[in-house]
Amino acid sequence: AQSVTQPDIHITVSEGASLELRCNYSYGATPYLFWYVQSPGQGLQLLLKYFSGDTLVQGIKGFEAEFKRSQSSFNLRKPSVHWSDAAEYFCAVVRDNNAGNMLTFGGGTRLMVKP
Amino acid sequence: GAVVSQHPSRVICKSGTSVKIECRSLDFQATTMFWYRQFPKQSLMLMATSNEGSKATYEQGVEKDKFLINHASLTLSTLTVTSAHPEDSSFYICSASSLNSGLPRETQYFGPGTRLLVL
């Protein structure tokens, strides 16, 4: 079964610093991968997704992620963090490409931004 | 585009009562809708998947008689928590995807969530 691991539960970075949030997946075939962001008390907003093609994908709000098959990773990056980026970030993978598009979520990483 | 709304945003009810949560796709036809539950500081757990006009498919461990899901149209799904108890207090989030609105079929669009508190 597919699984998603986000090794870091909490991360704190200073405003203006670079950011990398880790995501590792377990999946046999080429996965469909997503990053979502959730502000407190809110739903999830799609940041970016990878289905195929270029392994470096650009998303909204200046985020990007790189799919690395050899490392089973899909890490999220941003070169300069803004205070408004403080939120919970979830990595997700489509559970089974042939059985609809149900998602399996990682445990989430809470990002805190220091002024 | 691809906006999903939920109503109400928060609800407080007495133990033993039933609560209905609505999930609407505002600008596309949602052929599939998903209901998730999220406890504080935890990830989203899928409760059930519903296709328009069909019975919902529940995840293992989710009581279908307790969490009634109706997906009567391509823009509306409802989750009814029947005979709610304090342990049902949680954040409920719906999402929607589409096969016929020109949207990527693998992508889910999430509603803003409904916070349920059962006293």
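Taking the Cβ-Cβ separation of B:Gln60 and A:Glu20 as r and a Förster radius of 41 Å, what is the calculated FRET efficiency to the nearest 0.05?
0.75
To the nearest whole number, what is the average tally of beta carbon atoms from other chains within 10 Å of the beta carbons of peptide A:38-46?
Across A:38-46, the average partner-chain Cβ count within 10 Å equals 6.
How big is the B-A contact in terms of buried accessible area, both chains counted, 1.4 Å probe, rounded to the nearest 100 Å²?
1700 Å²
Over what distance in Å are the Cα centres of the stretch A:39-100 and the stretch B:24-49 separated?
Centre-to-centre (Cα) distance: 18 Å.
Nearest 5 is fine: what % of DSSP beta bridges in the protein assembly as shown come out antiparallel, could you say?
Within the protein assembly as shown, antiparallel bridges account for around 90 percent of the total.
Could you work out the mean count of beta carbons from other protein chains within 10 Å of each residue's beta carbon in B:40-49?
Taking all residues of B:40-49 together, the mean is 4.
For chain B, what percent of Cα pairs sit more than 24 Å apart?
More than 24 Å apart: 20 percent of the Cα pairs in chain B.
Please give the charge dipole size of the protein assembly as shown, origin at the Cα centre, charges +1 on K and R Cβ atoms and -1 on D and E Cβ atoms. Round to the nearest 20 debye.
Its charge dipole is roughly 220 debye.
Dividing the convex hull volume of the Cα atoms of the protein assembly as shown by its residue count, what figure in Å³ per residue is obtained?
So the per-residue Cα hull volume is 124 Å³.
So in chain B, which Cys have no other cysteine's beta-carbon sitting under 4.7 angstrom from theirs?
B:Cys13
The values are calculated or read from the model by the stated rules, or taken from the named source; none is laboratory data. Quick caveat: nothing in here was measured; it's all calculated off a predicted structure. All Cβ positions, even for glycine, are placed from backbone atoms using ideal geometry, and neighbour counts span all protein chains on display. Ligands, DNA and RNA are excluded from the accessible area calculation, which covers all protein heavy atoms including side chains. Shrake-Rupley method; radii C 1.70, N 1.55, O 1.52, S 1.80 Å.
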